[in-house]
1. Given the residues 117, 75, which is the only one that is aromatic (Phe, Trp, Tyr) and touching a residue at least 24 places away in the same chain (Cβ under 8 Å)?
2. Suppose we filter 42, 27 for residues that are basic (Lys, Arg) and either touching a helix residue (DSSP H, G or I) at 6+ places or on another chain (Cβ under 7 Å) or over 20 Å from residue 140 (Cα atoms) (or both); which single one remains?
3. How about segment 1-110: which strands (runs of 3 or more DSSP E) wholly inside it have at least 1 residues that are open to solvent by 50 Å² or more (accessible area, probe 1.4 Å)?
4. Within segment 127-142, work out how many residues are in a helix (DSSP H, G or I) and in contact with a Phe, Trp or Tyr (Cβ under 9 Å, 6 or more places away or on another chain).
5. Which residue is most open to solvent (accessible area, probe 1.4 Å), if the candidates are limited to segment 118-137 and must be under 17 Å from residue 95 (Cα atoms) and acidic (Asp, Glu)?
6. Would you mind stating whether residue 41 is acidic (Asp, Glu), at pLDDT 95 or above and more than 14 Å from the chain's Cα centre (by Cα)?
7. Being touching a residue at least 60 places away in the same chain (Cβ under 8 Å) and within 12 Å of the chain's Cα centre (by Cα) is the filter here, so list the residues in segment 48-63 that pass it.
Amino acid sequence: MGKAEAYETVHQQVLAVLEGEPNLTARMATVSCILSEAFPDRFFWTGFYVVDADKPNELVVGPYQGTLGCLRIAFGRGVCGTAATSGTTQIVEDVHAIQNHIACDSRTNSEIVVPVFDREGALIAVLDVDSTEHAAFDGEDQQQLEALVHKVFAA
């Protein structure tokens, strides 16, 4: 099965499982799990960093699949903090080549981070996917992951 077909299956599974489920934690846990299971060879760490209600310029680790994640990330720091500040998806082919990368696990070599907005357009989290491969993510991953988080959290 190709990447496009795998993503189509992921979208269908996620939407079917989450039908009628309003809880954000349950929604994030489901997305993390299904994505991780769909791409086990490419997705090393898959999860969410959530905007902290008590510290609105900080992300706190949310539901994820993988090794231990960083607990907190300030807006503007690292790839996740950059995505949170800019509101745009970040694709990094080699995380070791960027100066402000936060190394939660040294085995990570590339990363994609997608901002997650609610129905009102407010940032609520970022979806972070790490890979042990260099240049593991491309425009297709970006398009598919952006569409998925929009369907799950903003539609």
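1. Every option except 117 fails the conditions.
2. That would be 27, the only listed residue that is basic (Lys, Arg) and either touching a helix residue (DSSP H, G or I) at 6+ places or on another chain (Cβ under 7 Å) or over 20 Å from residue 140 (Cα atoms) (or both).
3. Ranges flagged: 58-65, 72-74, 90-92.
4. 2
5. Checking each candidate, the answer is 133.
6. Judged against the criteria, residue 41 is not a match.
7. Across segment 48-63, the qualifying residues are 48, 49, 50, 62.
The values are calculated or read from the model by the stated rules, or taken from the named source; none is laboratory data. Remember, it's a predicted structure, so these values are computed and weren't measured experimentally. Because the Cβ atoms are built from the backbone with ideal geometry, glycine has one as well, and the counts that use them run over all protein chains shown. Just the protein is used for accessible areas: all its heavy atoms, side chains included, with ligands, DNA and RNA removed. Shrake-Rupley method; radii C 1.70, N 1.55, O 1.52, S 1.80 Å.
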